[in-house]
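Report on one structure; see the data block that follows.
The values are calculated or read from the model by the stated rules, or taken from the named source; none is laboratory data. Remember, it's a predicted structure, so these values are computed and weren't measured experimentally. Because the Cβ atoms are built from the backbone with ideal geometry, glycine has one as well, and the counts that use them run over all protein chains shown. Areas reflect the complete protein model, heavy atoms only, side chains present, ligands, DNA and RNA absent. Shrake-Rupley method; radii C 1.70, N 1.55, O 1.52, S 1.80 Å.
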Amino acid sequence: MTTISGTADKVQATAPLVGRPDVNRKRMARLGWAFSTPALIIVAAVTIFPIVYSVIMSLSNVSVTGSGINLNGFTWSNYSIVLKNSTWHYALGFTIVYTVITVLVELVIGTLIALVLQRLTSGRGWMMALLLLPWSMITVINAELWLYIYNGVYGVADAILNAVGLGHPNILGTNTPAIIALMIADIWKTTPFVAIIVLAGLVMLPGDIYEAAEVDGSSGWSTFWRITVPLLRPTFALAVIFRVLQAFGLFDLPFVMTGGGPGTATTSLAILGYKAMFQNLDFGTGAAVATTTALLVLLGCLASLRFFKVQVGKEGT
Amino acid sequence: MARARSRRYSSRRSLRSWQLAALLGAVGALAAAGCSSSSSSTSTSTSTSSSAPAVSSSVSAAPGNATSGTINWWASPINTSGKDVRQVLIQAFEKQYPNIHVSLTSAPTNTDTNRATIATDISGGSSTPDVFMGDVIWPAQFGEHGFAVPLSNYLPASYWAQFAPGLVQGATYDGKVYGSPMFEDQGFLYYRKDLLAKEHLPVPKTWEQLVSDSETLQKAGLVKYGFVWEGDSYEGLTCDFMEYLTDAGGTVTNSSYTTASLDTPAAIKAVTFMRSLITSGVSPAAVTTFQEPQAMSTFASGQAAFLRNWDYAYADSQVPGTPTVGKVGVAPLPTFQGESYPGYSNIGGWNLYINPHSKNIAADLTFVKWMASTTAQDILSVQYSEIPTVESVRTSPQVLKLNPVLAIVPSTRLVPRPAGTPNYPALSTAIYTNVNAALSGSTSPSSAMSAAQSQATTALTSAAGGL
């Protein structure tokens, strides 16, 4: 902090000698670039290069050999293989449905939890710490724990379902129950994250509006729908976009718990891409899966952004 | 008002750029998967062709007779209890070759994770590990991609002749042997001696008999489940399926790996039978999520009468404190009624491969050759009950009397997985995902097999690995 302000002072001190203000500005800009170049280089190396390389790979005839990855000319074939593949169609549908349902449920439950937390007078710190436990747990460990719970022979979930007369439903071995089981594990883990974001949004809301609402005789229900929800829209947007990005890349839970099965019922796009690249060593097709997935996430986020923006616009008019 | 609007607009803009940053991060994360081995992307195949002659000239005079150097050996854990067999082997080797130093890198236990790691290492040009212990199903994929040295260029036919029949053939791709068999594994039928004796039942020789034995034992209340095996959506299911398929007289592909034959009556019979094990209650419904550990623990806790598993299952069922101690027998797998006994056992196990980038291939060959020596094979079999790959050790009285598993090894019938194609991983995925879907009841055996047929055909005909 001190070094930055020190440099700025120095620049200002030397500035009058140069005289012309636009030159001064140019010099400041140059200095800014000089300071941010190292960071930009790192960002480029770890972010932009891999993205560009991945896109190039998805558009090439890739051969993986003992001496490296060779790109042998341009082709659309990786994309045509992916777009025609029935497993990809399924994985796309599964990933979208999974994302929509988990994000919606997390948003609803997370908001409810945040509203409770906001009203807590004592022990809020403790409750938040407890609440954050699932979120702070490494996903793979979380998945292993749920694997025990869902185990078809000695799992707790199996025992409970059996005790209430539902028999042994073979949770992870049947399509729909396996998908629901993954969603529950996901919702359990990430709802606290949504709750914390929404709570932060709630705390920032101006109190005078609520006082005004109270004076006007607004009921709790209409206060919530007419004041809290509209004011929380930017917060919701934030939470949704974070979660959509994460949920769309669904990998660890099915990787540990189902391996993408039964059959291909829980094969997400990321699992499919992983299999293409690292099991089948087909880097071209794998890169095409990664690129299409990335594009879809991008579109999904822009769409949800548009959705929230439209709402704000309506409110403004 | 206009001011307020423009401010709102600008705040939206900033939100947007923030979002763009987040998106870039996510895209990067996704794309990174495709780039973990991009470091040597510019190097071409010329580097291998230029280094290969140099290597062969240095060792062709005396392959495997080098007596100095350092070797990094990549191997996944072989045993879970007692002294690490890998370290025991290294110590015995270094005693015989004091000037060759071997360091161990422990590989992931999951065979697919193991392969993904070593494949990216080698394609990235890494010169370590020098020698790696790899699954028996890797030769075609590794040979095709140039991830392993063709050992038959260095080691003579007399070297390969010492191994048990079928093993070298399994390690061969396109006329070259890529892996030297280190230890073998195969499927066995484990059964509860005490339970069968109580009901005066013979050890089943047919699958049908296994079902009726199971039902008898379950009805008598002696055991919860009849038969447990590996039915999860993973490589192990391909192994189990191969056994039923071969018993039923079917194959996965033709001998030249050009066409698949999975929508045949034999394949449908195999899957229909596997599914019937679940619908009849002989196998728990959860068997469709079982890998080896779950099948093993169900059997070892006394909840099942029969188990299909690999050779280590015997030792695992005899760990002190296990309810099955002293109650377990082992036999070759049954077959379908009308077929000749025994049924087929799928071949598993591990070979030694050499990294083409290794700087010391001469010493690597010494190490690989030593692993086929009586000293090493004795350590693996006599001390650790692994099935030796060298025929003379395998049939020696000392090994045969060691435990009931090794005693029946010479009488089993073996079938390899269809791993002679570089696209085997995609072929196996076509098998295990569809068989698993049929087992879970979400699709019928015949429609599962026609889906498997079309995916297998894609796998066999696509140039790269495919999806």
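Key figures for this structure:
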read-out	value
For the protein assembly as shown, fraction of C-alpha pairs farther apart than 50 Å, in %	27
Chain B: relative contact order as a whole-number percent, Cα under 8 Å and 6+ apart	23
Protein accessible surface hidden between B and A, which excludes ligands and nucleic acids, total in Å², probe 1.4 Å	5200
Which listed pairs, of B:198/B:224; B:95/B:176; B:327/B:401; B:205/B:269; A:84/A:275; A:275/B:83, have C-alpha distances above 24 Å, in listed order	B:95/B:176; A:275/B:83
Value of [θ]222 nm, deg cm²/dmol, for chain A, DSSP H segments ≥ 4, -39500 (n - 2.57) each, nearest 500	-24000 deg cm²/dmol
Counting DSSP beta bridges with both ends in chain B, the antiparallel % (nearest 5)	60
Label-point gap, in nm, between residue A:306 and residue B:395 - each point 7 angstrom along Cα→Cβ	7.4
Cα-based shape type of region B:188-296, given that a ≥ b ≥ c are square roots of the gyration tensor eigenvalues and the cut on a/c is 1.5	prolate
Aspartates and glutamates with Cα under 20 Å of residue B:193, excluding same-chain neighbours fewer than 8 positions away	B:208, B:213, B:215, B:311, B:316
P(r) weight above 26 Å for region A:138-279, C-alpha pairs, percent	45
For region A:32-99 and region B:391-440, distance of Cα centres in Å	37
Mean Cα-pair separation over length for region B:105-203, i.e. relative contact order, pairs under 8 Å, 6 or more apart, %	23
Surface per residue (accessible, 1.4 Å probe) for region B:335-444, Å²	30
Karplus 3J(HN,Hα) series, Hz, for region A:253-261 with 6.51 cos²θ - 1.76 cosθ + 1.60 (x for Gly, Pro)	4, x, 4, 7, 8, 10, x, x, x
Summed residue charge, Cβ within 12 Å of residue B:384's Cβ, Lys/Arg positive, Asp/Glu negative	-2
With DNA, RNA and ligands ignored, accessible area of residue B:144 (1.4 Å probe; Å², nearest 10)	100
Span from the region B:270-322 Cα centroid across to the region A:266-286 one, whole angstrom	30
Average beta carbon contacts from partner chains per residue of A:217-227, 10 Å cutoff	0
Prolate/oblate/rounded label for chain B (Cα gyration tensor, a/c 1.5)	oblate
For chain A, alpha-carbon Rg over 2.2 N^0.38 Å	1.31
Shielding by other protein chains, A:44-56, mean Cβ within 10 Å	5
Chain A, relative contact order in percent, only Cα pairs under 8 angstrom and at least six apart counted	24
